[in-house]
Amino acid sequence: MTWQSSLQLSFDHVADSTKTRLSHRAHTGALVVQRALYPEPDCQEGICHIYVLYPPAGIADEDRLTLDFTLKPNSHAVITTPGAGKWYGQRKSLRHSESSKSSKIISSEQHIDARLADHAILEWLPQESIYYDHSVSCANNRFYLAKSASLLTWDIAVFGRQAYHETFAHGHYANRLEIWRDDNLLVSEYTSQQANTRWFTSPLGLNHHHVHGSFWAIPSTEVIAPELQDNPLKLGQYLDTIIAEVRLLIDQQSLPIYCTHNFQGINCRYLGSDVRACFEAFYHVRELIRSKWYALEPHRPRIWDT
């Protein structure tokens, strides 16, 4: 039995207020959401928080999940998950099919497309994804930003269940991230590796670690500093100043991450063996960026601590 599930969410900004509304919700299969929440304090209480739920608790075999997010002008949504995502190992019958030279790889798939209109802000901040031994995964994440839209997103991958002495020794991992502004590609990352390749052991890859995290923050230059618009060199100089503050935070808090930029956005990375350390480090950077770019007070979704 496989699950073919989809979820469509649309957000708009309520006129003459600070509130973002979940204006449209549609789903097929097992993907659902709870009601919209507004947990943030005072002047930022209009930011809409959504928890994406997947009752089967994990992706397996030939499951296919499709999520579409649409943010209309001036809306601000924080979308997360109530727990770790799990990519389960395939059944023995599918493993046998995968090993056959005449058969293509049969994978579980997750596709996320998000479209952000002018002055929209999306924070897509799911909890970690755990890749079980024998899992065959394919994840595609694409974000399409209007000129003045802004994005915060992270991806945390955990290979194997170390607490059960299980490594990711069999299977395949594929993950793609693309971030576009208008017709310009700002970020493109793609990894496709068999479980037994040197990427997992080489110093140029994971270097025997089993937790990898990547956090991208894409600013709206039109909102932050209009003079930086359409000028990658000046935007890079501005991002240098933000990164200096992020690196100071990293030093002060002894955060186990590294930070750089590509003249379009800020990127933080983690490589190690402690998923909570990665998550907490990204959280601290997120709060700094929210303060600098959006003048927001710190707020931590309660679901992250349950």
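Readers should treat all values here as calculations from the given coordinates under stated rules, not as data from a laboratory. What you see is a predicted model, and the numbers here were worked out from it, not measured in a lab. Virtual Cβ from ideal backbone geometry, glycine too; neighbours counted across all protein chains shown.
Remarks
- Scanning residues 5 or more positions from Ile112 or on other chains, those with amide H under 5 Å from its amide H are Leu67, Asn140, Asn141, Arg142, with H placed 1.01 Å from N in the peptide plane.
- Lys-Lys pairs in the chain that are eight or more residues apart or on separate chains and whose Cα atoms lie under 29 Å of each other come to 13.
- Note on Thr18 and Cys43: the model spin-label points, each 7 Å out from Cα along the C-beta direction, lie 0.7 nm apart.
- With contributions of -39500 (n - 2.57) from each DSSP H run of at least four residues, the per-residue ellipticity at 222 nm computed over the chain stands at -5500 deg cm²/dmol.
- For segment 20-179, alpha-carbon Rg relative to the globular expectation (2.2 N^0.38 Å, N residues): 1.16
- Antiparallel DSSP beta bridges within the chain, percent to nearest 5: 45
- Area projected by the alpha carbon convex hull of segment 166-306, averaged over all directions, nm²: 10.5
- Label zone at Ser6 (point 7 Å along Cα-to-Cβ), backbone N below 15 Å, segment 54-69: 64-69
- Cα convex hull of segment 4-305, projected area averaged across orientations, nm²: 16.4
- Simple spin-label estimate for Asp305 and Arg35 in nanometres, 7 Å along Cα-Cβ: 2.3
- Exposed-site-free run, longest, the chain (rule: trypsin sites (Lys or Arg not before Pro); DSSP loop; at most 13 other C-beta within 10 Å): 105-306
- Taking GluC sites (Glu not before Pro) in DSSP loop states with no more than 15 other Cβ atoms inside 10 Å as exposed sites, the chain has its longest site-free stretch at 167-306.
- The angle between the Cα long axis of helix 232-253 and the main principal axis of the chain comes to about 70°, on a 0 to 90 degree scale.
- If R0 equals 30 Å, the separation of the Cβ atoms of Ser254 and His165 corresponds to a calculated FRET efficiency of about 0.55.
- Fully extending the segment from Tyr190 to Arg276 would add 28.6 nm, taking 0.36 nm per residue of separation and subtracting the current Cα-Cα distance.
- Between His111 and Arg269, the FRET efficiency from the beta-carbon distance, with R0 = 30 Å, is close to 0.80.
- Its alpha carbons considered, segment 244-306 gives a radius of gyration followed by a Dmax of 12.1, 37 Å.
- Top of Ser202, Ser135, Ser108 by mean-square fluctuation, Gaussian network on the chain, Cα under 10 Å: Ser202
- Each residue of segment 146-158 was assigned a 3J(HN,Hα) from its phi angle through the Karplus curve 6.51 cos²θ - 1.76 cosθ + 1.60 (θ = phi - 60°); the sequence is 6, 4, 10, 7, 9, 9, 10, 8, 9, 9, 10, 10, 10 Hz, with glycine and proline shown as x.
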